[in-house]
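The values are calculated or read from the model by the stated rules, or taken from the named source; none is laboratory data. Quick caveat: nothing in here was measured; it's all calculated off a predicted structure. We place every Cβ from the backbone using ideal geometry, glycine too, and count neighbours over all the protein chains shown. These area figures cover heavy atoms from the full protein model, side chains too; ligands, DNA and RNA do not enter into them. Shrake-Rupley method; radii C 1.70, N 1.55, O 1.52, S 1.80 Å.
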Amino acid sequence: VAKKIAASTLTVDQLVDRYAALAALVRPTPMLRIAPDPDDGVVIGAALAAKADLIVTGDKPLMSVVEYQGVRIVGISQAVQLIGTV
């Protein structure tokens, strides 16, 4: 991680500030058990509250949901492909 931060030519504070500018605090929408892991309901609820288009994850049980109320659940490589077409 230290090498990646150094390669960015930004300080840690600058990186945190840039991520913070992209972030929004949301209260997850209460969810029924949709995913195999009940803890994944919070992830889906947060995505719905944030009006997200995608959940990007490597969590296979969460990925088994595929889509919920317009929020697609994809892996990293699929997200990169989708974002590259925007």
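Annotations
- Scanning segment 43-73 for residues that are within 16 Å of Arg27 (Cα to Cα), small (Gly, Ala, Ser) and open to solvent by 20 Å² or more (accessible area, probe 1.4 Å) yields Ala46, Ala49, Ala50, Ala52.
- Candidate set: segment 1-20, residues that are in a loop (DSSP other than H, G, I, E, B) and open to solvent by 60 Å² or more (accessible area, probe 1.4 Å); chosen: the one nearest to Pro61 (Cα to Cα): Val1
- Residues located in segment 21-42, provided they are open to solvent by 90 Å² or more (accessible area, probe 1.4 Å) and assigned to a loop (DSSP other than H, G, I, E, B): Leu25, Arg27, Pro30, Leu32, Arg33, Asp39
- Some residue of segment 76-86 being within 15 Å of Val26 (Cβ to Cβ), surrounded by 12 or more Cβ atoms within 10 Å (Cβ to Cβ), out of contact with any strand residue (DSSP E or B) (no Cβ under 8 Å at 6 or more places or on another chain) and not basic (Lys, Arg): no
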